[in-house]
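Scroll down for the structure; my scribbles are underneath it.
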Amino acid sequence: MHYSLGIDAGGTYTDAVIIRDFDGKVVDTNKSLTTYPDLLTGIRNVLDGLDPTKLENVKFTSVSTTLATNSVLEDTGYPVALILINETDIPNSSRIEHFARVNGGHNSAGNEVCPLDIDAVESFVLSMKDKVRAFAVSSYFSVRNPDHELRTKQLISDLTGLPVVCSHDLSQDLGAYERGVTAYLNARLIPITKHFMDTVTGEISRRNIDSRIMMLKCDGSVVGIQEALIKPIESIFSGPAASLVGASDLSGLESCAMIDVGGTSTDVSMMYNGLPELSDSGAIVGGWSTKVKALKMETSAMGGDSHVWVKNHKINIGPRRVIPLCLASTIYPEIMIKLKKGQVILPNHLGENLQHTKFFVRTSDRATDLTPNEQELFDRIGDKPLTVSEIYWNENRFPNPAILDRLIQKRLIHAIGFTPTDALHVLGEYEQWDSEASIIGARILADLAGEDDYIFCLSIKKKVALNMALDLVSFLLDGVDKQEIEKILEGEFFARFKVDVPVVLLGGPVVAYVKELGELIDTEIVVPEHASVGNAVGAVVGKGVKRLEVLIKANYSESKYNLRSKSFVTFYPGGRSEFSSHHEALEFGERIGNQLILEYMANSGLDKNDVKIDMSRKDIHVQDAGIPLETRLSFLGIGEAIR
């Protein structure tokens, strides 16, 4: 009997599932803490908890990861130089360190408007070859004619042998700078993604698993390793995509909204007729505007591991993530003693980092490039968790909260604190770890908030449910002011929001929020079996999906009263062809569109013999002319992975 393996390396947890191929049933699952920045330990831990006899018979593996997203957010990619051809509008806020603008480019018809300044390209490349690990190239209207990008790529390869990413290979959209940013980020991610995939394939091989390996993209489709290594930028937000695909599969619903409550955030997205809803604009990550087609998504920084803290009797949740007390106390038992002992923090000193229930402990990461103040504070924090009172115990003062924040952001220290997960432990609705630590923490914070322990935890639970409802309705009512939505959700009215599609919940203890969520919105709420590992399910059940456009444009002679066609140009990904008639151009466009989709499926390790291709056509006419001025062919190919 053959099985398929799904792995999702998320920001907080790494999940794995084994699915039986003949009926698609989930037969084994496991969950482990993600180990960052080296994900290998977390992957090994999660695989160690799966049935080894089933692992031996795995023939198909697919992974999703937040690695690309985290790398962009944390600015940890490899150095890259960007060449912009005939592009003058570069924002002053651009964070690209190495770039050059050279003459060249084409117009919307694909005709050269300026010769490529090959000497300027050569000079810049030679000055950069020892400073960078790759190059990115974006030319004006390269989606109409990629000649200048291709010539530049060839020259760079000849001069340096370094990888080169061309913008026309990543997007068909106009906007040379945004395509340039996409190519730039893609080039930065290639070495990181290669290391990750080498890690996964190495671990699969080490366990003697004879399996094909795929990767999930940010549009919810799967792709082979080689394609994933060429276009790693397409794996940003693959975690939320995996959750959505998993929610649809586990619930059996082809159309549904999904709320995924993770450790760090809450994500909302939607599946319609078996395909994820995509954003009309490109993905925006870490302030970078790209041309990557990704999920349409609503995200908020509130999850199961968000820090709960109290100031001026007010309960706050997040935005920072901490290790829950219930989990931390199983790793560091001394936390129980310190919680019971308590500490003195004056009300005017309280803040997110200065809390009676917060602890700090070192990570395994090596400290480099610290300021003197950061180094001094870092040296005082060791391998055992300390309260804020203990860090400067001999000086009778508290650490600087801003410096603590910087050390957390640099992943040099972990923060431990009370979370919504702890609140559910106190309420008896989740029993994964040590409830005693949660109960003590709740008692301390409830006293600061002036509430009963139970009421305090119930308030936290209701706040999380309200955030889930707010994200859901904001996603569905795109363009409506979020504050107005929140007023309605929080108010006492004889009306409430109704959602016309089922809402699937994913995440560890999401079943605990069903009642509160149902009181806020009128909808069918579904919590499928294996909801806690839905993202790993989505990683392995995803299909191959390819979208592309072919544009046919007429070249007309200019006349005040008449339009006479000279020729018709068919633009397609990677090329252009010219024809004497619209009929010939259309026939070629239909043929090349189908051919490119089948080639993509084959190159991506998908079954090209099991591909469904849909094509839609849109014509634009001028005056009463019978022949269209422009014809746009949109292709959608859906294929199955070879298992």
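Against the condition over 24 Å from the mean Cα position of the chain (by Cα), surrounded by fewer than 20 Cβ atoms within 10 Å (Cβ to Cβ) and of a type outside the set (Asp, Glu), how does Ser127 come out, does it pass?
yes
Being open to solvent by 40 Å² or more (accessible area, probe 1.4 Å) and within 24 Å of the chain's Cα centre (by Cα) is the filter here; which residues of region 1-29 pass it?
Residues satisfying the conditions are Gly11, Tyr13, Thr29.
Does Ser157 satisfy being free of Cβ contacts under 8 Å to residues at least 60 places away in the same chain and hydroxyl-bearing (Ser, Thr, Tyr)?
Here the answer is yes, as Ser157 does meet what is asked.
Which one is least open to solvent (accessible area, probe 1.4 Å) among residues in region 623-638 that are modelled with pLDDT under 85 and at negative phi?
Of everything passing the filter in region 623-638, Pro628 is least open to solvent (accessible area, probe 1.4 Å).
Determine which member of the set Val537, Val545 is part of a strand (DSSP E or B), at pLDDT below 95 and either in contact with a Gly (Cβ under 9 Å, 6 or more places away or on another chain) or at positive phi (or both).
Unique residue meeting the criteria: Val545.
Anything in region 467-502 that is of a type in the set (Gly, Ala, Ser) and either closer than 19 Å to Glu277 by Cα or surrounded by 10 or more Cβ atoms within 10 Å (Cβ to Cβ) (or both)? List them, or say none.
Once the filter is applied, which keeps residues that are of a type in the set (Gly, Ala, Ser) and either closer than 19 Å to Glu277 by Cα or surrounded by 10 or more Cβ atoms within 10 Å (Cβ to Cβ) (or both), region 467-502 yields Ala469, Ser474, Gly479.
Just give me the residues in region 585-643 being of a type in the set (Lys, Arg), outside any loop (DSSP other than H, G, I, E, B) and in contact with an Asp or Glu (Cβ under 7 Å, 6 or more places away or on another chain), in sequence order. Walk me through how you get there before you give the answer.
Taking region 585-643 as the starting set, the residues that turn out to be of a type in the set (Lys, Arg) are 591, 608, 612, 617-618, 632, 643.
Next, only the ones that are outside any loop (DSSP other than H, G, I, E, B) stay: 591, 608, 612, 617-618, 632.
Of everything in region 585-643, just one residue is of a type in the set (Lys, Arg), outside any loop (DSSP other than H, G, I, E, B) and in contact with an Asp or Glu (Cβ under 7 Å, 6 or more places away or on another chain), namely Arg632.
Which pairs have Cβ atoms under 6 Å, sit 6 or more apart or on different chains, and link a residue in region 265-282 that is aromatic (Phe, Trp, Tyr) and open to solvent by 20 Å² or more (accessible area, probe 1.4 Å) to one that is assigned to a loop (DSSP other than H, G, I, E, B) and at pLDDT 90 or above?
Correct list of pairs: Tyr272/Ser255.
Go through the residues of region 459-466 one by one and say whether even a single one is of a type in the set (Gly, Ala, Ser), farther than 15 Å from Val310 by Cα and not in a helix (DSSP H, G or I).
For region 459-466, residues of a type in the set (Gly, Ala, Ser), farther than 15 Å from Val310 by Cα and not in a helix (DSSP H, G or I): absent.
Looking for whichever is closer than 27 Å to Thr330 by Cβ and in contact with an Asp or Glu (Cβ under 7 Å, 6 or more places away or on another chain) here; the options are Leu445, Leu506, Leu458, Leu427. Which one fits?
Leu506
Given Gly202, Gly175, which one is open to solvent by less than 40 Å² (accessible area, probe 1.4 Å) and without any contact (Cβ under 8 Å) to a residue 40 or more places away in the chain?
Checking each option against the conditions leaves just Gly202.
Would you point out which residue out of Thr363, Thr357 is open to solvent by less than 30 Å² (accessible area, probe 1.4 Å), of a type in the set (Ser, Thr, Tyr), closer than 18 Å to Gly417 by Cβ and without any contact (Cβ under 8 Å) to a residue 60 or more places away in the chain?
Every option except Thr363 fails the conditions.
Open to solvent by 30 Å² or more (accessible area, probe 1.4 Å), touching a helix residue (DSSP H, G or I) at 6+ places or on another chain (Cβ under 9 Å) and among the β-branched types (Val, Ile, Thr): which single residue out of Ile403, Ile413, Ile455, Ile460 fits that description?
Residue meeting the stated conditions: Ile455.
If Ala301 passes every condition in (1) surrounded by fewer than 18 Cβ atoms within 10 Å (Cβ to Cβ); (2) at pLDDT 85 or above; (3) out of contact with any helix residue (DSSP H, G or I) (no Cβ under 9 Å at 6 or more places or on another chain); (4) not polar (S, T, N, Q) but one, which one does it miss?
(2) is the only condition that Ala301 fails.
Of the residues Gly104, Gly110, which is over 17 Å from Leu170 (Cβ atoms), part of a loop (DSSP other than H, G, I, E, B) and in contact (Cβ under 8 Å) with a residue 60 or more places away in the chain? Please lay out each step first, then the result.
On the way: Gly104 fails: in contact (Cβ under 8 Å) with a residue 60 or more places away in the chain.
None of the others qualify; the one that does is Gly110.
When residues of region 509-534 are filtered for being in a helix (DSSP H, G or I) and not small (Gly, Ala, Ser), how many remain?
10
How do the strands (runs of 3 or more DSSP E) wholly within region 242-317 filter down when requiring 1 or more residues that are more than 17 Å from Val464 (Cα to Cα) and more than 18 Å from the chain's Cα centre (by Cα): which remain?
Those strands (runs of 3 or more DSSP E) span 256-261, 266-272, 306-311.
For Lys296, state whether it is open to solvent by 40 Å² or more (accessible area, probe 1.4 Å) and in contact with a Pro (Cβ under 9 Å, 6 or more places away or on another chain).
yes
How about region 599-620: which of its residues are closer than 22 Å to Thr570 by Cα and surrounded by 12 or more Cβ atoms within 10 Å (Cβ to Cβ)?
Of everything in region 599-620, those that are closer than 22 Å to Thr570 by Cα and surrounded by 12 or more Cβ atoms within 10 Å (Cβ to Cβ) turn out to be Glu599, Tyr600, Ile613, Met615, Arg617, Asp619.
Quick check on region 95-124: of everything there that is within 34 Å of the chain's Cα centre (by Cα) and charged (D, E, K, R), which residue is least open to solvent (accessible area, probe 1.4 Å)?
The residue in question is Arg95.
The conditions are (1) surrounded by 18 or more Cβ atoms within 10 Å (Cβ to Cβ); (2) free of Cβ contacts under 8 Å to residues at least 24 places away in the same chain; (3) of a type in the set (Phe, Trp, Tyr), and Tyr572 fails exactly one of them. Which is it?
Condition not satisfied by Tyr572: (2).
Just checking, does region 252-261 include any residue being in contact with an Asp or Glu (Cβ under 8 Å, 6 or more places away or on another chain) and open to solvent by 40 Å² or more (accessible area, probe 1.4 Å)?
No, the conditions are met nowhere in region 252-261.
The values are calculated or read from the model by the stated rules, or taken from the named source; none is laboratory data. Treat the numbers as computed from the prediction; the structure is a model and nothing was measured. Note that we place each Cβ from the backbone using ideal geometry, even for glycine, and neighbour counts take in every protein chain shown. Protein only, heavy atoms only, side chains kept; ligands, DNA and RNA dropped before computing areas. Shrake-Rupley method; radii C 1.70, N 1.55, O 1.52, S 1.80 Å.
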